[in-house]
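Chemist: Pasting a structure here, questions to come.
The values are calculated or read from the model by the stated rules, or taken from the named source; none is laboratory data. Model, not experiment: these values are computed from the prediction. Methodologically, a virtual Cβ is constructed for each residue, glycine included, from the backbone with ideal geometry; neighbour enumeration extends over all protein chains shown.
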Amino acid sequence: MARSSIYSGLIVTGMLGLLIFSIIYFPEHYLMISFLFIGLTLIPFLLRFEMRKITGKELVLLAMLSAVAAVSRVPFAAFPSIQPTTFVIIVSALVLGAESGFMIGAMAALVSNLFLGQGPWTPWQMYSWGLIGFLAGILRNTWFMKHLWGKALFGLITGFAFGWIMNLWFIIGFLGEITFSSVFAYYATSFYFDLAHAVSNVFFILVFSSGWIKILQRFKRKYGLLAT
Amino acid sequence: MEILKLKNLSFSYPERDDEVLQQISFDVKKGEFLVLGGPSGCGKSTLIKLVKHDIAPAGRRKGGIIFNGKRIEDLPAEELAGEIGMVFQDPDNQIVMEEVLQELAFGLENLGYSTDYIRKRVAEMVQFFGLENLLARKTHELSGGQKQLVNLASVLLLNPKLLLLDEPTSQLDPVAAKEFITMVKRINEEFGVTILMVEHRLEELTAVADRMMLLNGGQIAYDGSPREVFFNVWDRRDEIFSAYVPSIPSLSLHLNENPEVKEIPLSVKEGRMWLSGINGFSAEQQPLPEAVNVRKVLSCDSVCFRYERKGENVLSDLNIDIYSNEIFAIVGGNGSGKSTMLKTMAGLINPQRGTIRFKNQKLKKIPKQEFHLSVAYLPQNPKLFFLHDTLEEEWSRAIERTNDENGNEKMNRITEMLGISHLAEHHPYDLSGGELQKAALACLLVSDPEVLLIDEPTKGMDPLSKQKFGELLTDLHFDGHTIVMVTHDIEFAAEYATRCMMLFNGQVASVSDPRSFFAGNTFYTTSINRLVRGSNLQEVITVKEALASWRVQASIQV
Amino acid sequence: MLMSFLHPFYLIAAVLLLISLTLLQGLVEQLRNRAKSFFFLTLFIVAVNPLVNHRGTHILFYFRENPVTLEALMNGFLMALSLLAILILFISYNFVLTPGRFLYLFSKILPQTALLAMLTLRFVPLLIRRLDEIKIVQKSKGMTITEGRVKDRAKNGVSLVQILLTWSLEEALQTADSMKSRGYGVTKRSSYERYTFTKNDIISIVLLLVLFAGCLIGLFNGYGNLTLYPDLESTSMGGAEWSVFVLFLLYIGFPLLVEGREQFRWRYLN
């Protein structure tokens, strides 16, 4: 588990390097390359998931957590930038680990888009939320994530990072020229949305994370998943 | 020839010493329809889960389970999944797929059957169940009864020899429950599938079951044909199980001096034949208790409600007054708007038109917190009520809401009265349904509410708990709480309510005291009332009333 | 395709063809609902491009001392058209590829992931209904998300989700039992659906592949892509360019032809 997680982490970072490299050297095909990139990073995770023999219980648990993450936006319909989906994904990953965290993030994105209508942003959202879950899972045993402030900081950073990755598909695809000023201008417009997302992540983590972790650990035992 | 043999079966859950099942032995014959009953916690659900070995709970098991001559643990996984089918209690939880067709095919796909075979089987089964119109529907759009039929069909597709059912009708309304039981009976008769069904509602099952078994404390208390079981319960003057005997056999057992097993009537038809054979009851109408000092507490005035702007009215021009010191029962079919009515009265959803008044004050003018404390709402599923990890914390939050200095003492008294004070440290989800309901009730009672609104309190309850809950309601009523409840359970309403109302199509169809209410109904009434209708006896609606107002004067003519 | 052919004629034609496709599929309502947001999005891209991008030689005017070039304007215009085409395509895509069909395609390649997605998809409406029930019950305890300070509302909102989580995970244990008792995990799953291609499907795929390859060859030979920098190329098209354009039209218009033939048959041959 630990080793395979490191491999997957290496693959993701490697792919990210490849993305930057190819954007610099083949600037005309950013979009093609970026889609290729998303595809190639999603596929190893999905294949790994396919290879594992998964019990009905684990499958149901993952599905339920993904559905809760997706549905958790509903009570916040009035505030589009405040939604606990990221929080639910982080907490689930902290309890269930990197691979489950990735699947929950990706599934939550896929399913909410299946309901709201898909667009070119679907894979990007799967990627961003999946990555947040993956990272939270990888880091869960570090001293940093053992502290509440560490988790809160993680929520803050990922709140911004999520918005930035989501901006990326738009910028790469449709703003054409990637110059410092164009990117900066675009990110400035989304700053308040990203800030709200990041701050709400921190707030939810500070108030709810320890309670939620306890709940999820109780169910981890009930679903017979203590071994992983 | 027996299909299932249990030999000295004992079981205990991990980290617990007490045995949920103790040395249980019995055989089930091929093609038998066996009903298993007993109070909650008697081990009946554990028993059938042990038989369905692939979902057996973790714990220590002693003794053997033999299925078709083989030990259950030696059965290959495919055979076990296919030959023993299981339908669970909650219609929603068992559904895995989004569309009905996918759900039906799910089991066959799991077992790796060929596409041709799957298609053929599904086609057959859909026709047998008449599910053609539901095939393309989303599973979440179906009614509870339809969901449960789909669940039954999807289990049956695997061609089981033994069908296990764990309280399959407890979440259904009476009409859907009857339909479901009829289908199970057809499966039993037309395919010879052996049925082992755990159920509380014995009334509907007496006519279809070949054999009935009642468990208590992990042991078999009664075993035999329904008539034999009822006779033995009566014969032993068993207090726990007397509530399990349906009203018609119960009445005949109480009235006959020397009842004989084979003459115990089970249905209205048999009951009428038995009644016509006896004469000489002198009847004496019990006067209704007189109402003293009543005032209007809650009233609906031309209330209209709909869920969607363009949707149909769920409540249309509803007018009703509720008086202090009432146990007011709202009955009506599925989708008649009963629960909606209760929620509007609780101030939880706002009607589009009309006004609700609490003690002659418009609801809108009363501060919300204050209103919720005086008109408390107990939901159908008390699980939704709990947010915290322990009951204690939940109770202390409830005390905080009342701003009452003596809240702690009051809460202690209430939990003591309800018999749940020892559960304070428990997680709400570790409690039984009945305990959970009482724990939620405690949160409500601490503010000493004038009105208690209760949604479907007896759903899924075993007869004994139901009887206890009814007595609790009577006590609360006696303490001065006005009680309004919504129920599907006609027998329960007839026994404990002081006034009944039928809601139909969002309007009041009729309202009066239970006796004249049910006496005026032809179909929507208790079985005792249907039994005596048209006879020359004083019309009654419950066994209790019959025993109180009839007096047997002559002996029974055989 | 839509993102590579950055040429005004190609993209305008694509947008028109895709609009006709959505109209033919009876998606007028969906198109109308999104028209406004589409319009502003395209306007935004057209406007932002020249402001942040100053490459090119044809300077139209100066905005706050920065040159606004024709090339950048054209670039914004092309990008906007390309996005518009993709968004319209997705309207049609969402109509044709319902979640069920999407997962059906998925389940051939990634069966376990598809099953996970199906389960999740099945849970979502159930959870929405449960959340409604929870909201009502908790309202009677004074917990509300419709009034009060944002902080309290956010807190109450997550508390509702917390009840949903605990309750649903508890209930879902029965879902797992129900899967297991119907043999989940016993052997390799088969399928009710037949994954077979008809002759028509194969012909269509071959045709599309040929068209696609033709377009690609055109693209690599420098057709169908307007060179913007350093100097704006003329939009006029030569002989070979026209043939690539026709291939492109056939490719983008293929679903329109199929849909149109269906509707024609339905209307006149029935």
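Chemist: Does segment B:531-549 include one or more residues that are in contact with a Cys (Cβ under 9 Å, 6 or more places away or on another chain) and not aliphatic (A, V, I, L, M)?
Modeler: no
Chemist: Also, quick follow-up: May I ask you to say which residue of C:PHE212, C:PHE248, C:PHE254, C:PHE197 is more than 23 Å from the chain's Cα centre (by Cα) and hydrophobic (A, V, I, L, M, F, W, C)?
Modeler: C:PHE197
Chemist: Here is a follow-up. Could you check segment C:124-150 and list, in sequence order, the residues that are among the hydrophobic types (A, V, I, L, M, F, W, C) and at the interface with chain A (Cβ under 9 Å from one of its Cβ atoms)?
Modeler: Answer for segment C:124-150, where residues must be among the hydrophobic types (A, V, I, L, M, F, W, C) and at the interface with chain A (Cβ under 9 Å from one of its Cβ atoms): C:VAL124, C:LEU126, C:LEU127, C:ILE128, C:LEU131, C:ILE145, C:VAL150.
Chemist: If I filter segment B:78-118 down to residues being in contact with a strand residue (DSSP E or B) (Cβ under 7 Å, 6 or more places away or on another chain), among the aliphatic types (A, V, I, L, M) and more than 7 Å from chain C (Cβ to nearest Cβ), which single residue comes out as nearest to B:VAL150 (Cα to Cα)?
Modeler: B:VAL87
Chemist: Restricting attention to segment B:362-387, which residues are β-branched (Val, Ile, Thr) and either buried (at least 20 other Cβ atoms within 10 Å of the Cβ) or closer than 17 Å to B:ALA440 by Cα (or both)?
Modeler: Matches in segment B:362-387: B:VAL375 only.
Chemist: Of all residues in segment A:129-180, count the ones that are within 14 Å of A:THR86 (Cβ to Cβ), hydrophobic (A, V, I, L, M, F, W, C) and either buried (at least 20 other Cβ atoms within 10 Å of the Cβ) or modelled with pLDDT under 85 (or both).
Modeler: Final tally of qualifying residues: 11.
Chemist: Here are some residues: B:GLU19, B:GLU15, B:GLU73. Which one is outside any helix (DSSP H, G or I) and without any contact (Cβ under 8 Å) to a residue 40 or more places away in the chain?
Modeler: B:GLU15 is the lone residue from the list that is outside any helix (DSSP H, G or I) and without any contact (Cβ under 8 Å) to a residue 40 or more places away in the chain.
Chemist: To continue, here is another question. Does at least one position in segment C:180-195 carry a residue that is part of a helix (DSSP H, G or I) and more than 9 Å from chain B (Cβ to nearest Cβ)?
Modeler: The answer is no; no qualifying residue exists.
Chemist: Let me ask another. In contact with a helix residue (DSSP H, G or I) (Cβ under 6 Å, 6 or more places away or on another chain), within 11 Å of chain C (Cβ to nearest Cβ) and among the charged types (D, E, K, R) - does that describe any residue in segment A:36-48?
Modeler: no
Chemist: Let me ask something additional. Tell me which residues, restricted to segment A:65-90, are outside any helix (DSSP H, G or I) and more than 7 Å from chain C (Cβ to nearest Cβ).
Modeler: A:ARG73, A:ALA77, A:ALA78, A:PHE79, A:PRO80, A:SER81, A:GLN83
Chemist: Is it fair to say A:LEU62 is under 15 Å from A:PHE219 (Cβ atoms), more than 8 Å from every other protein chain (Cβ to nearest Cβ) and in contact (Cβ under 8 Å) with a residue 24 or more places away in the chain?
Modeler: No: the conditions fail for A:LEU62.
Chemist: Out of all the residues in segment A:107-121, which are at pLDDT 80 or above and at the interface with chain C (Cβ under 9 Å from one of its Cβ atoms)?
Modeler: Of everything in segment A:107-121, those that are at pLDDT 80 or above and at the interface with chain C (Cβ under 9 Å from one of its Cβ atoms) turn out to be A:MET107, A:ALA108, A:LEU110, A:VAL111, A:SER112.
Chemist: Let me ask something else about it. Cβ contacts < 6 Å: first residue at the interface with chain B (Cβ under 8 Å from one of its Cβ atoms), restricted to segment C:151-175; second residue in a helix (DSSP H, G or I), any location; separation 6+ or different chain. Result?
Modeler: Here the result reads C:ILE163/C:ILE134; C:THR166/A:ILE215; C:TRP167/B:LYS383; C:GLU170/B:TYR429; C:ALA172/A:VAL60; C:ALA172/A:MET64; C:THR175/A:VAL60, each pair linking segment C:151-175 to a residue that is in a helix (DSSP H, G or I).
Chemist: With respect to B:GLU141, determine if the residue is within 30 Å of B:PHE523 (Cα to Cα), within 11 Å of chain C (Cβ to nearest Cβ) and out of contact with any Phe, Trp or Tyr (no Cβ under 9 Å at 6 or more places or on another chain).
Modeler: Taking the combined requirement at face value, the residue satisfies it.
Chemist: Considering only residues that are assigned to a helix (DSSP H, G or I) and more than 14 Å from chain C (Cβ to nearest Cβ), which ones fall in segment B:125-134?
Modeler: Selection gives B:GLN127, B:PHE128, B:PHE129, B:GLU132, B:ASN133, B:LEU134.
Chemist: Suppose the filter is out of contact with any Cys (no Cβ under 6 Å at 6 or more places or on another chain), within 7 Å of chain A (Cβ to nearest Cβ) and touching a residue at least 24 places away in the same chain (Cβ under 8 Å); does C:LEU121 pass it?
Modeler: no
Every residue, every condition in (1) within 14 Å of another protein chain (Cβ to nearest Cβ); (2) surrounded by 14 or more Cβ atoms within 10 Å (Cβ to Cβ); (3) modelled with pLDDT of 90 or more, yes or no:
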| residue | (1), (2), (3) |
| --- | --- |
| B:ASP389 | yes, yes, no |
| B:GLU394 | yes, yes, yes |
| B:THR402 | yes, yes, no |
| B:GLY407 | no, yes, no |
| B:MET411 | no, yes, yes |
| B:ILE414 | no, yes, yes |
| B:MET417 | no, yes, no |
| B:SER421 | no, yes, no |
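Chemist: Given the conditions (1) closer than 27 Å to C:GLY260 by Cα; (2) free of Cβ contacts under 8 Å to residues at least 60 places away in the same chain; (3) crowded, with 16+ Cβ neighbours inside 10 Å, which single one is not true for C:PHE5?
Modeler: (2)
Chemist: If you don't mind, another one. Filter segment B:185-214 for residues that are under 18 Å from the mean Cα position of the chain (by Cα) and not in a loop (DSSP other than H, G, I, E, B); which is farthest from B:VAL175 (Cα to Cα)?
Modeler: My answer is B:LEU214.
Chemist: Can I ask one more? Assuming B:LEU47 fulfils every condition listed in (1) in a helix (DSSP H, G or I); (2) within 7 Å of chain C (Cβ to nearest Cβ); (3) within 24 Å of B:LEU202 (Cα to Cα) apart from one, which condition is it?
Modeler: (2)
Chemist: I want to confirm something. Restricting to segment B:455-505 and keeping residues that are part of a helix (DSSP H, G or I) and of a type in the set (Val, Ile, Thr), which single residue is surrounded by the fewest Cβ atoms within 10 Å (Cβ to Cβ)?
Modeler: B:THR474
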